[in-house]
Amino acid sequence: MEYKSDTISAISTPQGIGGISVLRVSGDKAIDVVDKIFNGKKSLKSIQTHKAVFGKILDGKKLIDEVIVTTFRAPHSYTGEDVVEISCHGSTFITNQILEILLRTTRLANPGEFTQRAFLNDKIGLTQAEAVGDIINAKTKISHLAAVQQFEGSLRHRIEKLLNKITEYRTLLELEIDFLEQDVPEIDLKKLERDLKKLLQNLEQLARTGNEGIILKDGLKVSLVGAPNVGKSSIFNAFLETERAIVTPHPGTTRDYLEEAISLKGYLVRFFDTAGIRDTSDDIEKIGIKRSYEVIRNSHKVLFIIDGNENQKEYNTLLKLVDPDRIIKVLNKSDLFKKSEIQSFEEKDYISCSAIQKNGLSKLKNFLIKDIEISEEELHSGILTNTRQIAAVKRAVKSVEHALNSLKKEMGFEFTAFDLKEASTALEEIIGKITTDDILNRIFENFCIGK
Ligand SMILES: Nc1nc2c(ncn2[C@@H]2O[C@H](COP(=O)(O)OP(=O)(O)OP(=O)(O)O)[C@@H](O)[C@H]2O)c(=O)[nH]1
Ligand SMILES: [Mg+2]
């Protein structure tokens, strides 16, 4: 990627009113640019690195604000370049004024450009750079833990270990290819096959962590589905412990879907109250139901709710949208049933609850996350948390499968070596040993400006 070394600036704190706001400037001219508008005891150029000083920001002779300025000289800064941070009063007007002045001589940073420069200047690895975005976006204890682990390098280590193994096998094969006619000890094919199988298992295990990783980061999506009036919105409200959705005795109350999230044992769980499943001739309702079907298709778990009638027709419609293993069957309004009636539903795998009496709801909630419990150990050893990483590991899996295949079929060591090289390339992309503009752009476009 072409490295742009021009000086960039941006507001790094959220827009709004607060105690302080911070602006950041990075690049060769950073100190010079800020020094020109800064009026302190000494010039910023003569101030030690990492030292904060008090002074005023002036626009010509006009006082904009009293500020604290900290300088970080290259290479000992976040980006690896000269960086200046200006802490001013937390006012949208002031921060924008200062930014405007800075932009007369610098360029507005692109989203994530400070972090991108940190990566390009070898201050942090690519998985770490990605983790910076995840740390900022983490909304719950576990997503934060996963992001911090990645930042600390857990995933990079896990990938590097796999890469070392692949390099070892490739070296063996290359030796064999180069000295085919000479007296080099013959390769132990049985052992190599065992080793490649083990490697494949490890890669598959890593790929599997991605399913959980994405849920940890983006949340478990749970939709509430069923015929009209079964109590979907009532359960939704009970989960959130607020009267978020409108509840009435009239069937067809919820027309468009609603989304709200909670933190459940540290996991982010996103609930979707839907317009339910039903045939209707009402045009508005039709749109609502179509939108609901889209939400249902994208859910990790679906609560299929009934209030006494098994609603086979609705269940069959649901089966067309999602796999049965995602469906959890729920009997609501258990307050209206006798114990024996509830028991017969439970025998048919329904979980019973009453939204009105707030019975059985915590059992239901725990049931939702029981499959995603990811061990602390796995978290520490590094997991995949986005589709980019998952796609790359899956490519590595495919390549190792090919390698095993070519080895078994005795197609020639060149083929096996080539397949292993492909596997290396895929893994190297994850940790940024190989990068393309496309990969970098996709990673950093999701960052906010100023990070
Ligand atoms: N007895 C009893 N009534 C309930 C319970 N949960 C919901 N209801 C009632 O059932 C009716 C429908 O509830 P909603 O939550 O609006 O049902 P819904 O499935 O969202 O309905 P639509 O949005 O119309 O599809 C309301 O009158 C609720 O008070 C429950 O656990 N027990
Ligand atoms: Mg409703």
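No lab work stands behind these numbers, since they all come straight from the coordinates. These numbers come from a predicted model, not from an experiment. With ideal geometry, Cβ positions are generated from the backbone for all residues, glycine too; neighbour counts draw on all protein chains shown.
Roughly how many nanometres apart are two label points built 7 Å out from the Cα toward the Cβ at residue 76 and residue 279?
The two pseudo-label positions are separated by 7.6 nm.
Got the relative contact order for the range 304-393 handy, in percent, Cα pairs under 8 Å and 6 or more residues apart?
Contact order relative to length: 20 percent.
Just the number, please: percent antiparallel of the DSSP beta bridges in the chain, rounded to the nearest 5.
Here the share of antiparallel DSSP bridges comes out near 65 percent.
Show me, for the range 26-41, the HN-Hα J-couplings you get by feeding each phi into the Karplus relation (A = 6.51, B = -1.76, C = 1.60, θ = phi - 60°), rounded to Hz, glycine and proline as x.
So the Karplus estimates, Gly and Pro as x, are 9, x, 3, 8, 3, 5, 4, 4, 6, 4, 5, 10, 9, 10, x, 5 Hz.
Given 10 Å bins starting at zero, what is the percent of C-alpha pairs of the range 313-379 in each, up to the one with the largest pair distance?
Binned Cα distances yield the sequence 17, 39, 31, 10, 2.
Given Cβ point charges of +1 (Lys, Arg) and -1 (Asp, Glu) and nothing else, what value in debye, to the nearest 20, does the dipole of the range 8-124 about its Cα centre take?
Computed about the Cα centre, the dipole is about 320 debye.
Sequence-distant or interchain residues sharing an amide H contact under 5 Å with residue 356, placed H: which?
Placed amide hydrogens put 333 under 5 Å from residue 356.
Can you give the longest stretch of the chain with no exposed loop site, where a site means chymotrypsin sites (Phe, Trp or Tyr not before Pro) in a DSSP loop (not H, G, I, E or B) with at most 13 other C-beta atoms within 10 Å?
180-451
Could you give the dipole magnitude of the chain about its Cα centre, charging the beta-carbon of Lys and Arg +1 and that of Asp and Glu -1, in debye to the nearest 20?
With Lys and Arg at +1 and Asp and Glu at -1, about 1440 debye.
Please report the orientation-averaged projected area of the chain, defined via the convex hull of its C-alpha atoms, in nm².
30.6 nm²
Find which of 19, 52, 110 sits farthest along the positive direction of the dipole of the range 8-124, computed with +1 on the beta-carbon of Lys and Arg, -1 on that of Asp and Glu, about the Cα centre.
52
By the gyration tensor of its Cα atoms, with a ≥ b ≥ c the square roots of the eigenvalues, what is the shape of the range 219-354: rounded for a/c under 1.5, prolate for a/b over b/c, or oblate?
rounded
Where does each of 402, 250 land when they are ranked from fewest to most other beta-carbon atoms within 10 angstrom?
Starting with the residue having the fewest Cβ neighbours, the order is 250, 402.
Under 27 Å from the Cα of residue 45, which lysines turn up, not counting those fewer than eight places away in the same chain?
4, 29, 36, 56, 61, 62, 123, 451
Give the cross-link partners of residue 363 among the lysines, using a straight C-alpha distance below 26 Å as the criterion and excluding same-chain residues fewer than 8 apart.
Once the sequence-local lysines are set aside, what remains near residue 363 is 139, 141, 217, 221, 232, 265, 301, 329, 333, 338, 339, 348.
Above 23 Å lies some portion of the pair distances; for the range 1-118, what is it as a whole percent of all C-alpha pairs?
22 percent
Can you compute the FRET efficiency between residue 188 and residue 6 using 1/(1 + (r/R0)^6), with r the Cβ-Cβ distance and R0 = 45 Å? Round to the nearest 0.05.
Efficiency for this residue pair is about 0.20.
Take every DSSP beta bridge with both residues inside the range 234-388 and express the antiparallel ones as a percent of the total, to the nearest 5.
55 percent
Just from its helices, what would the mean residue ellipticity at 222 nm be for the chain, if runs of 4 or more DSSP H residues each count -39500 (n - 2.57) and the sum is divided by every residue, rounded to the nearest 500 deg cm²/dmol?
The helix-only estimate for the chain comes to -15000 deg cm²/dmol at 222 nm.
With contacts defined as alpha carbon pairs under 8 Å and 6 or more residues apart, what's the relative contact order of the range 1-104 in percent?
The value is 31 percent.
Counting DSSP beta bridges in the range 154-287, what percent are antiparallel, to the nearest 5?
Close to 60 percent.
Give me 71, 167 ranked fewest to most by other Cβ atoms within 10 Å of their Cβ, as a rough exposure proxy.
Lowest count first: 167, 71.
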